[in-house]
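The values are calculated or read from the model by the stated rules, or taken from the named source; none is laboratory data. Source: prediction; values computed, not measured. Here the Cβ is made from the backbone with ideal geometry for all residues, glycine too, and neighbour counts use every protein chain on show. What goes into the accessible areas is simple: the full protein's heavy atoms, side chains included, and nothing from ligands, DNA or RNA. Shrake-Rupley method; radii C 1.70, N 1.55, O 1.52, S 1.80 Å.
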Amino acid sequence: PEKSMWGIEQREWLKRTLLESDAAFKVLVSPTPLVGPDDGYKSDNQTNPKGFRNEGEAFHAWLAEHKLNDPSFVVICGDRHWQYHSVHPQGTHEFAVGALIDANARLGRKPGDPKSTDPDAKVKQLYTSEKPSGGFLEVRLETEPTLSMELIFRDEHGVELYRVKRKP
C-alpha cells in the first residue's frame, strides 16, 4: 500500500489541479494504464496487483468521491500494444492508444481473462480490437453545435475502427 508510481507530491498536485480546474474536459495522459485490464503477471503499473494497484484504486475512489469521473474526464494511456476503451467499476473511462503499426500489435487481455488484472470481470470494456491492429487514437474537440470531445480509434492506415462522443 505504501508503493507509489507517482510519488506523494505529484499525486497531490494532480488532485489539487483537477479540483481547481474549470476546463470543460480533463484528460489525464498516462504512460501506463489505470483501468486496463493488463497482463496479470506484470508489476509495472496501477492495474497490477503486484505493482501499484493500491495507488490506482485509491485514485479511482478519489475521482468518484469528488464526482470527477464524469463524461468530462478521461484517461488516455500508452504502453499498450492493443487499443481499448475500458471503464473502471468506479466510472473512470480509459482509452489505450495501442501500437502504431500492425507489426507491433497484439490482442490484449479482456475482462474475465484469468491471466489478466481483471479475472473477475469488474472492468467494463466498451471496445477492443478483435484482431491485432496497429493504429492511433484521434481526439477531436468540437464546439458546434455543442461542446463535445470525440475519441476515434483508427488502424495504421487511418481507417476508423471505433468512435465515442463525450459531452461535459
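Rounded to the nearest 5, the antiparallel percentage of DSSP beta bridges internal to the range 1-146 is 50%.
Provide the solvent-accessible area of D44, counting protein heavy atoms only and rolling a 1.4 Å probe, rounded to the nearest 10 Å². Around 60 Å² of this residue is reachable by solvent.
Overall shape of the range 82-147 was characterised from the C-alpha gyration tensor. The equivalent ellipsoid obtained from it has semi-axes of 24, 19, 7 Å, in decreasing order. Remark: accessible surface ordering of Y127, Y84 (largest first) is Y127, Y84, probe radius 1.4 Å.
Solvent-accessible area of K124, all protein chains in place: 130 Å² (probe radius 1.4 Å, heavy atoms, ligands and nucleic acids excluded). Among the listed pairs K3/K167; K115/K165; K122/K165; K42/K67; K26/K110; K15/K50, a Cα-Cα separation exceeding 28 Å is found for K3/K167; K115/K165; K42/K67. Three semi-axes describe the equivalent ellipsoid of the chain; taken as square roots of 5 times the Cα gyration tensor eigenvalues and ordered largest first, they are 23, 22, 13 Å. For the range 1-105, the carbon plus sulfur part of the accessible surface works out to 55%, probe radius 1.4 Å. Under a GNM of the chain (C-alpha, springs under 10 Å), which listed residue has the highest mean-square fluctuation: S116, S21, S43? Looking only at S116, S21, S43, the biggest GNM fluctuation is shown by S21.
Put a plus charge on the Cβ of each Lys and Arg, a minus charge on the Cβ of each Asp and Glu, and nothing anywhere else: the dipole of the chain about its Cα centre is then about 280 debye. Solvent exposure of I8, expressed as accessible area, is near 120 Å², computed with a probe of 1.4 Å over the protein chains only. Per-residue ellipticity at 222 nm from helix content only, as computed over the chain with -39500 (n - 2.57) for each DSSP H run of at least four residues, stands at -5000 deg cm²/dmol. Protein heavy-atom accessible surface, 1.4 Å probe, per residue over the range 31-168: 47 Å².
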